[in-house]
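Q: To start, I am sharing the structure in question, which I have written as structure tokens.
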Amino acid sequence: MNRKQISLLSISVPVLTLLLTSCETTEPAGGGGDDEQGPRLLSVKVLDYSPAPGQFVNEIPLYQDGDTRETIRAKVEKAMNSGEMVTLGAFGGSITVKLKAPVYASHDGSPELRILGNAFLYTPETAANPIGSAEPGIVMVMTDANGNGEPDDTWYVLKGDHFDQAVYTSITYTDNSSAGDDKKFVKWEDSQGNSGWLSHNVAYHNHGFFPQWELERTVTVEGLRLPDNGVYNEKTGNYDLSVYSGYADCWPNNSSRSGLSLSSAVTLEGQPVRVTRVDFIKVYTGILQNNGPLGECSTEVAGFQSL
């Protein structure tokens with residue numbers, strides 16, 4: 001079997017039941033809130049780690065001979081519980097976690113979550129169009145409504161900038177590394193008939209882009225694809241990445257604008273829902289773009305914070 005389907009989203013969305021829980025709203029917001037040192041790292045169990053091909057795959061976390069899908073999952077879980085970085089690879093690469101303690105909606109709509117990344121800014125935060133290392137990761141949340149401890153209820157999306165322009169698509173990646181062309185290292189084709197390439201920056205990432213612990217060299221992912229945020233800057237010869245609010249790995253961790261609010265939750269069709277409790281979180285890279293020497297857009301995650 002040379003294809004592997006990673007299902008990130010359920011296309012079928014049930015009739016809205018806007019209130020996902022009842023008595024839980026009496027619990028403290030944020031599953032306990034901050035301590036005296038500030039927001040705390042949430043303890044999580046990593047249920048699934050499925051990166052798409054990318055330049056940091058096999059590096060963070062580090063692949064070692066003999067690693068399997070389970071040993072990599074354990075490495076990622078350790079990283080998430082200690083604030084260390086992992087990559088999700090290109091569009092569609094994902095991580096799914098179960099929170100050891102739920103996060104509850106705030107009473108005033110203020111942010112409840114922060115997903116730590118490695119974003120930084122080139123411009124002041126107050127700029128009209130902030131530019132930085134933004135690599136938007138779409139965030140999905142689920143309440144364990146049936147109480148069985150499994151992520152088999154309904155996923156909702158936290159709506160951020162340009163969400164209304166997002167297109168639901170599937171992408172198939174094919175390893176082309178054997179051809180020896182660094183500009184055409186991995187081929188991608190989408191369900192709308194478009195295609196392109198991920199390039200290979202051999203000076204910094206001289207290795208394969210597909211997970212070494214997996215056998216497949218063709219993989220299909222699906223999800224909501226946001227519009228590209230990278231624009232080529234002729235003066236600098238580099239790409240300027242616009243910061244999108246409402247996603248992972250866009251604003252710096254120390255920025256108040258990196259917080260995420262459950263009040264932004266919507267269905268895949270964009271209909272608002274009221275989420276009062278979160279037990280599961282899924283993050284996946286939401287942009288498919290090759291940014292010259294910067295390589296592909298790939299969301300990085302370094303843990304989950306309660307605000």
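The values are calculated or read from the model by the stated rules, or taken from the named source; none is laboratory data. Note that this is a predicted model, so its numbers are computed, not measured. Cβ atoms come from the backbone with ideal geometry, glycine included; neighbour counts cover every protein chain shown.
Q: Is it fair to say residue 153 is surrounded by fewer than 20 Cβ atoms within 10 Å (Cβ to Cβ), in a loop (DSSP other than H, G, I, E, B) and within 17 Å of the chain's Cα centre (by Cα)? Quick ask: steps written out before the conclusion?
A: Details: surrounded by fewer than 20 Cβ atoms within 10 Å (Cβ to Cβ): yes; in a loop (DSSP other than H, G, I, E, B): yes; within 17 Å of the chain's Cα centre (by Cα): no.
Criteria not met by residue 153.
Q: Which of (1) under 30 Å from residue 66 (Cβ atoms); (2) in a strand (DSSP E or B); (3) not acidic (Asp, Glu) does residue 224 not meet, given it meets every other one?
A: Failing condition for residue 224: (1).
Q: A further question follows. What about residue 90, is it modelled with pLDDT under 95 and of a type in the set (A, V, I, L, M)?
A: Against the criterion (modelled with pLDDT under 95 and of a type in the set (A, V, I, L, M)), residue 90 does not qualify.
Q: Restricted to segment 50-74, and to residues that are of a type in the set (Gly, Ala, Ser) and part of a loop (DSSP other than H, G, I, E, B), which residue is farthest from residue 277 (Cα to Cα)?
A: 66
Q: Any idea which residue in segment 130-150 is surrounded by the most Cβ atoms within 10 Å (Cβ to Cβ), counting only those that are within 22 Å of the chain's Cα centre (by Cα) and of a type in the set (S, T, N, Q)?
A: By that ranking, first place goes to 143.
Q: Looking at segment 87-127, which of its residues are in a loop (DSSP other than H, G, I, E, B), surrounded by fewer than 16 Cβ atoms within 10 Å (Cβ to Cβ) and not hydroxyl-bearing (Ser, Thr, Tyr)?
A: Correct list: 107, 108, 109, 120, 124, 125, 127.
Q: Name the residue, out of 135, 77, 84, that is at pLDDT 95 or above, part of a loop (DSSP other than H, G, I, E, B) and either more than 19 Å from residue 246 (Cβ to Cβ) or touching a helix residue (DSSP H, G or I) at 6+ places or on another chain (Cβ under 6 Å) (or both).
A: From the options 135, 77, 84, the qualifying one is 84.
Q: Within segment 156-182, how many residues turn out to be surrounded by fewer than 17 Cβ atoms within 10 Å (Cβ to Cβ), of a type in the set (A, V, I, L, M, F, W, C) and closer than 20 Å to residue 264 by Cβ?
A: Number satisfying all stated conditions: 1.
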